[in-house]
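Written out below as structure tokens is the structure these notes cover.
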Amino acid sequence: MQRATFFDHLILWAGVIFLVAPIWLLLASSTHSVDTLIKEGLQWLPGSEGLSAYKTALMTASGFTDTATGLRMLVNSTIMGLGFAVGKIIIAMTAAYTLVYFRVPMAQFLFWLIFSTLLLPLEVRIVPSYEVVSQLGLLNSYTGLILPLIASATATFYFRQFYKTIPEELLEAAQLDNANAWLFFKDILIPLSRTMMAAMFIIMFVVGWNQYLWPLMMTTEESYYTIVMGIKNILSVVREGRVPEYNVAFALVILAMLPPVLIVIIFQRWFIQGLVESEK
Amino acid sequence: MAKKVQFAHTWVPYVFIAPQLLIIGVFFFWPALQALYLSFMLEDPWGLSSTFVWFENYQTLFTSADYLSTTLFTLGYSFAVVVLSLGIALILAVKANAVLHGQKTYRLLLTWVYAVAPAVAGITAYFLFNRHIGVFYDAIVSTGWLFAPETSTFDATVLLILVSVWKQIPVNFVFFLAGLQSIPVTVREAAQMDCESPTRRFWTITFPLLAPTAFFLMVINITYAFFDTFGLIDTLTQGRPAGSTSTMVYKVYQDGFLGADLGLSSAQSVVLMILVMALVMVQFRFVERRIHY
């Protein structure tokens, strides 16, 4: 194998700086006072204010929203991320179970029905989706936030592929032991899927947390704001020509990315496995 | 293909598949069919009544200069994002694959940006390139370029492409690195014996073996540039100046939700539906058939 040269490392570091620098600038600037930021612009080095901007961002409505605190929006985002990931994994595992392990009439038709959802992302059917959710009275609710996002088959596809790699002998053995369909699912498939479930969960949580357009349309009550869409209000303040509390604004932006970033860093191995597998 | 050994069919399989069918029925097929239906309807300006107008919305759409320029912008923008993010990620992956010590550190530093939402990336960039406090703005202006994304389509497009590429490099990097690492050591050793020049070795051995990954990534990246950049555009330019940086997906939202022209917006949804289907078909047929060794 060829060894990396000094030049190779130089290129890699250039890539790292390109990716990290923007976030670092924002992070460092969030620890400065508003005055410093207005007078001298964004700061490369951490300032003297420490994490006080984060306290303001978390505990108060901070001028960008009227009532929703940063903490409230973080809680809502957590609910959406968890609900999205768990919901998607449950319906995917059960639907894939039917598709792989049962002989049902119209199986082919069901297969295409489910997988045709891969053709049309939510962004494209956004206006009619809004109408449907509003007719069902689900605007400003967690159900309305989560369910329409789950209506696609990415995870189902993935679990179907995975089930097909499980040896047939397992089912034969289970049937000899008189296990019924539910017991086989619960005692054999779920334990076998554990790693896959973890990998899926990481990806789906990040995807759910990062949703922007759907919560933006769905929520008019601030108590349902998620943080990723809530920070849009920072821009409204700027566009109205007011000078925002820059440090608090930056703190909110950092808070909006912190949980998914931490999860990806901590569960790096599962994350990469989930990413590579889920896109296959 | 189903398993050879299966459970006999009772009511059980229907219970297991019911949640998925229910959710896609209500939240996918109902809205999708409604989009199709609405694309043939024309609402009066007050939204009180609507009439069936056959293909009038499509006619309006295809003769509109606005839609033509949006389409051209989307294609050019997507092309730039796909080429740049694939190119940069490939270079980084090849270099990272050659590193023996510290590869994990590089991998971590080059992948975590995946977790940053497009909307969050957009706001971050907004501040970095802000004329009051943005240090990147100062840097650009000091070169003599009067950077003004609010009024110049070119500047706004450059900014959008830059941030979109930044956001997409990690995904491509992960896949390219996985692809590189799946090349067997024996192949690499054989190549090393036969060919002295690393550059030639890359183009004759490594790159062809990576081609399936690259083509697959191309589809993923086009999908990204079309659909996932919504949050980025909405936070960075909102289509400004004068709608010249709206992508086709952003325009569906602008016309349908902000402009309340449901018929025209739905017709655009249907056009995008057809585009996505075409893309998927290309992925399954053309690419899989042409790329084999």
* **Any chance B:Val83 is in a helix (DSSP H, G or I), loosely packed, with under 15 Cβ neighbours inside 10 Å and at pLDDT 80 or above** => yes
* Asked: Going by the structure shown, is B:Thr235 β-branched (Val, Ile, Thr), assigned to a loop (DSSP other than H, G, I, E, B) and more than 23 Å from A:Gly15 (Cα to Cα)?
  -> no
* Asked: Restricting attention to the range B:167-179, does a residue exist that is facing chain A (nearest Cβ under 9 Å) and closer than 30 Å to A:Tyr246 by Cβ?
  -> yes
* Asked: Only one of these conditions is not met by A:Ile227: (1) touching a residue at least 40 places away in the same chain (Cβ under 8 Å); (2) closer than 16 Å to A:Ala61 by Cβ; (3) surrounded by fewer than 24 Cβ atoms within 10 Å (Cβ to Cβ). Which number is it?
  -> (3)
* Structure fact -> Picking from B:Ser69, B:Ser85, the residue that is within 30 Å of A:Lys88 (Cα to Cα), within 25 Å of the chain's Cα centre (by Cα) and of a type in the set (S, T, N, Q) would be B:Ser85
* Asked: Of all residues in the range A:25-48, which are more than 9 Å from chain B (Cβ to nearest Cβ) and either surrounded by 14 or more Cβ atoms within 10 Å (Cβ to Cβ) or part of a loop (DSSP other than H, G, I, E, B) (or both)?
  -> A:Leu27, A:Ala28, A:Ser30, A:Thr31, A:His32, A:Ser33, A:Val34, A:Thr36, A:Leu45, A:Pro46, A:Gly47, A:Ser48
* To do: Say whether the condition of being more than 12 Å from chain A (Cβ to nearest Cβ) and of a type in the set (Phe, Trp, Tyr) is met by at least one residue in the range B:146-165.
  => yes
* For B:Leu68, indicate whether it is assigned to a helix (DSSP H, G or I) and more than 10 Å from chain A (Cβ to nearest Cβ). => yes
* **Only one of A:Asp35, A:Asp66 that is in contact with a helix residue (DSSP H, G or I) (Cβ under 9 Å, 6 or more places away or on another chain) and either in contact (Cβ under 8 Å) with a residue 24 or more places away in the chain or over 30 Å from B:His101 (Cβ atoms) (or both)** => A:Asp66
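Within the range A:259-280, how many residues are more than 9 Å from chain B (Cβ to nearest Cβ) and part of a helix (DSSP H, G or I)?
7
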* Structure fact -> Flagged in the range B:170-212 as polar (S, T, N, Q) and more than 26 Å from A:Ile203 (Cα to Cα), in numbering order, are B:Thr186, B:Gln192, B:Ser197, B:Thr199, B:Thr204, B:Thr206
* Given (1) surrounded by 16 or more Cβ atoms within 10 Å (Cβ to Cβ); (2) aromatic (Phe, Trp, Tyr); (3) more than 26 Å from the chain's Cα centre (by Cα), number of the condition B:Phe175 does not satisfy -> (3)
* **Residues located in the range B:248-260, provided they are touching a helix residue (DSSP H, G or I) at 6+ places or on another chain (Cβ under 7 Å) and facing another protein chain (nearest Cβ under 10 Å)** => B:Met248, B:Val249, B:Tyr250, B:Val252, B:Tyr253, B:Asp255, B:Gly256, B:Phe257
* Just one of the numbered conditions (1) in contact (Cβ under 8 Å) with a residue 40 or more places away in the chain; (2) over 16 Å from the mean Cα position of the chain (by Cα); (3) part of a helix (DSSP H, G or I) is not true of A:Trp214; which one? -> (2)
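Residues are listed down the side, and each one gets a yes or a no for (1) closer than 30 Å to A:Tyr101 by Cα; (2) of a type in the set (Asp, Glu); (3) modelled with pLDDT under 90; (4) under 21 Å from the mean Cα position of the chain (by Cα):
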{"residue": "A:Leu192", "(1), (2), (3), (4)": "yes, no, no, no"}
{"residue": "A:Phe201", "(1), (2), (3), (4)": "yes, no, no, yes"}
{"residue": "A:Phe205", "(1), (2), (3), (4)": "yes, no, no, yes"}
{"residue": "A:Asn210", "(1), (2), (3), (4)": "no, no, no, yes"}
{"residue": "A:Ile227", "(1), (2), (3), (4)": "no, no, no, yes"}
{"residue": "A:Glu240", "(1), (2), (3), (4)": "no, yes, yes, no"}
{"residue": "A:Val253", "(1), (2), (3), (4)": "no, no, no, yes"}
* **Residue check, A:Pro128 assigned to a helix (DSSP H, G or I), at pLDDT below 90, surrounded by 19 or more Cβ atoms within 10 Å (Cβ to Cβ) and facing chain B (nearest Cβ under 9 Å)** => yes
* To do: Output the number of residues of the range A:168-184 satisfying the condition of being surrounded by 12 or more Cβ atoms within 10 Å (Cβ to Cβ) and not in a helix (DSSP H, G or I).
  => 2
* Which is within 26 Å of A:Met73 (Cβ to Cβ), more than 7 Å from chain B (Cβ to nearest Cβ) and either in contact with a strand residue (DSSP E or B) (Cβ under 6 Å, 6 or more places away or on another chain) or crowded, with 23+ Cβ neighbours inside 10 Å (or both), of A:Leu145, A:Leu139, A:Leu122? -> A:Leu145
* helices (runs of 4 or more DSSP H) wholly in the range B:127-213 with at least 2 residues that are aliphatic (A, V, I, L, M) - which ones? -> B:135-142, B:153-181, B:185-194
* Starting from residues that are more than 7 Å from every other protein chain (Cβ to nearest Cβ) and without any contact (Cβ under 8 Å) to a residue 40 or more places away in the chain, keep the ones in the range B:27-36 and report whichever is nearest to B:Trp54 (Cα to Cα). => B:Leu33
* Residue among A:Thr143, A:Thr165, A:Thr154 that is β-branched (Val, Ile, Thr), in contact with a helix residue (DSSP H, G or I) (Cβ under 7 Å, 6 or more places away or on another chain) and more than 20 Å from B:Tyr253 (Cα to Cα) -> A:Thr154
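The values are calculated or read from the model by the stated rules, or taken from the named source; none is laboratory data. None of these values were measured; they are calculated from a predicted model. Neighbour counts run over all protein chains shown; Cβ positions are idealised from the backbone, glycine included.
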